[in-house]
1. What is the sum of charges, Lys and Arg at +1 and Asp and Glu at -1, for the other residues whose Cβ falls under 12 Å from the Cβ of ASP105?
2. Taking θ as phi - 60°, what are the ³J(HN,Hα) couplings along the stretch 186-198 by the Karplus curve (6.51, -1.76, 1.60), each to the nearest whole Hz, with x for Gly and Pro?
3. Taking the Cβ of TYR64 as the centre, find all other residues whose Cβ is under 9 Å away and add up their charges (Lys, Arg: +1; Asp, Glu: -1).
4. Say we join alpha carbon atoms closer than 10 Å with springs in a Gaussian network model of the chain; which of PHE173, PHE47, PHE221 then has the biggest fluctuation?
5. Which net charge results when you count Lys and Arg as +1 and Asp and Glu as -1 among the other residues whose beta-carbon is under 12 Å from that of GLU165?
6. In terms of modelled amide H atoms, which long-range or inter-chain residues lie less than 5 Å from the amide H of ILE4?
7. FRET efficiency for GLU30 and ALA237, Cβ-Cβ distance as r, R0 = 35 Å, nearest 0.05?
8. Between ILE57 and GLU134, how many nm apart are label points set 7 Å from Cα along the C-beta direction?
Amino acid sequence: MLAIIGGSGLTTLSNLDVAHREIIRTPYGEPSGAIVIGRIGGQPAMFLPRHGYGHTIAPHKVNYRANLWALRQRGATGVISVASVGGIRSDLQPGEIVIPDQIIDYTWGRQSTYYEAVGIPVTHVDFTEPYDPELRRRIVAAAAALSIPAKVGGVYAATQGPRLETAAEINRFERDGADLVGMTGMPEAVLARELGLPYAAINVIANHAAGRGNSANGIHFESLEHVLREAMGEVRALIEKLVGSPDSCPPMGMAG
């Protein structure tokens, strides 16, 4: 069963036929909210809003460990992360959908591993390919089937937040090779890897990053809501197609 984690712009999943909600207790504290269990296009799925149902949890305060643990405990066999991002690369325009394939982590101080309790050996996981290739392939195929012009590939820069970036920081990220910037991609992706959960992302360009395009002199927040509302309609259709595909639920096991 696929789990969808919704970010800014996707705090509910309107095409999820809700059966019930479950509060999952974890060894790592409380998840962002109750897990919504139901069906999309007749197939089982679950949904969790990353920032809580009132969008009250800041990116650096999200309990990523509890969220991923709860989803796996409830039976998730794969995770789709939906997040709004800023576009750094010049060809990435507000409203476009991107399926990233790499991450650069600029966050700090977040609890980013399950392997840190007393007496637990240090454990290293391979993170060469941070997103599960097969799950990414299925997202790309679903987008193509719906004629959604998703951009395939891109390097996601994960920043601390909650503030947005300076123009100089965006210039640095670009020099580092980043195409997109967001605040929630890490440690979510690596925690999924530690749990053996296939994980992939659907990013929506909400705005040009600081110093770019129409954000050259500042971010225009009044335009973001309209952009995200329009784009999230495509995201919901994409998720419905993905969940309804016969091979949409990869088996449990180490991603990659």
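Taken together, the values in this text are just the output of simple stated rules run on the coordinates, not laboratory data. Everything numeric in this text was worked out from a predicted model, so none of it was measured. Virtual Cβ from ideal backbone geometry, glycine too; neighbours counted across all protein chains shown.
1. Details: positive: ARG110; negative: ASP176, GLU188.
So the environment of ASP105 carries a net charge of -1.
2. The phi angles translate into 10, x, 3, 5, 6, 5, 4, 4, 4, 8, x, 9, x Hz.
3. Working: positive: ARG50, ARG65, ARG110; negative: GLU188.
With Lys, Arg at +1 and Asp, Glu at -1, the net is +2.
4. PHE221
5. Net charge around GLU165: +1.
6. Result for ILE4 returns MET46, PHE47, LEU48, ILE80.
7. Details: r = 32 Å, r/R0 = 0.90.
With R0 = 35 Å, the Cβ-Cβ based efficiency is 0.65.
8. 2.8 nm
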